[in-house]
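Values quoted throughout were computed directly from the atomic coordinates according to the rules given, and no laboratory measurement underlies them. If you're wondering where the values come from, they're calculated on a predicted model, not measured in any experiment. Note that each Cβ is placed from the backbone with ideal geometry, even for glycine, and that neighbours are counted across all protein chains shown.
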Amino acid sequence: MITLGRRYTHVPLGLVSLLLVVVLIAWLLERRVDGVWDPAFRITVPVPVAVTLAAEPPPASAAPAPPADFEPPAEPAPVAEPPVASPAPVAAPPLTAAVPAERYVLESGPFLSAEAADRIEDQLNHLGYATIRFRKQEVRRVYVVSATGFASGREAQRAAAEIGRGTMVESDQGIELVVERVPSLGEAVAASRPLRVRGFEVRVDPDVSPAVIYHVRYGQFASQAAAEARGEDLALFGLVSRVVKVR
């Protein structure tokens, strides 16, 4: 027994040493690692609930008045919107005026006396043509065809009745019968030929004086060719004409 007691005498010493080591480790852990053991102890501790209440705004009457030299900030200037370009006006297509149809007529003249124009109009009216007379006064060179050699005015009047036309005049050369006043010398020669055949003395004198000119128009044709063809037909009756374009 004594031997057994001696054998286990070192066991209590070892247990005490082991306990000291455990205590030392626990102390070191508590000092160096702060809060390692806190969660274990805080599980049972109730967590305080924090409630945040919004602060009520002070009433308007309680708002502090701004200082006397306080100037409110200037409002920003309004931004001008870019002008909207209006669409360019569209030009309306030009209206095409109706072009009147072309018309052609026949014209005879000029005639230097109303009697000559009357004779042409009478002839055309008998052929079934309506006539329009144009009268114009101008100063121009004409040729006067006169029958001369009359002893008295009565003889000149008988000659006028025989010829069918003429105006009796008295001049320095005696009594004369003015038969025609034509614009060209050729027409004057043609007008004097029938008078010579009848035995009258004929004289052709150029003259420059104010004269009344007559033109006679007749017919209505849709083309120039048709008017020219009808003018050739009328030439067979001794009617000299030309084609005139009218609107």
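Descriptive notes on the structure:
- Surrounding net charge for Asp118, when Lys and Arg each add one and Asp and Glu each subtract one, Cβ distance under 10 Å: 0
- Contour excess over end-to-end distance, with Cα ends at Ala130 and Leu19 and 0.36 nm allotted per residue: 23.8 nm
- Whole-Å distance, taken between Cα centres, linking region 189-232 and region 162-188: 15 Å
- Full extension of the chain between Asp118 and Val197 yields a length gain of 26.0 nm, computed as 0.36 nm times the residue separation minus the alpha carbon distance.
- Rounded FRET efficiency, nearest 0.05, which uses the C-beta distance separating Ser209 from Ser152 and R0 of 30 Å: 0.65
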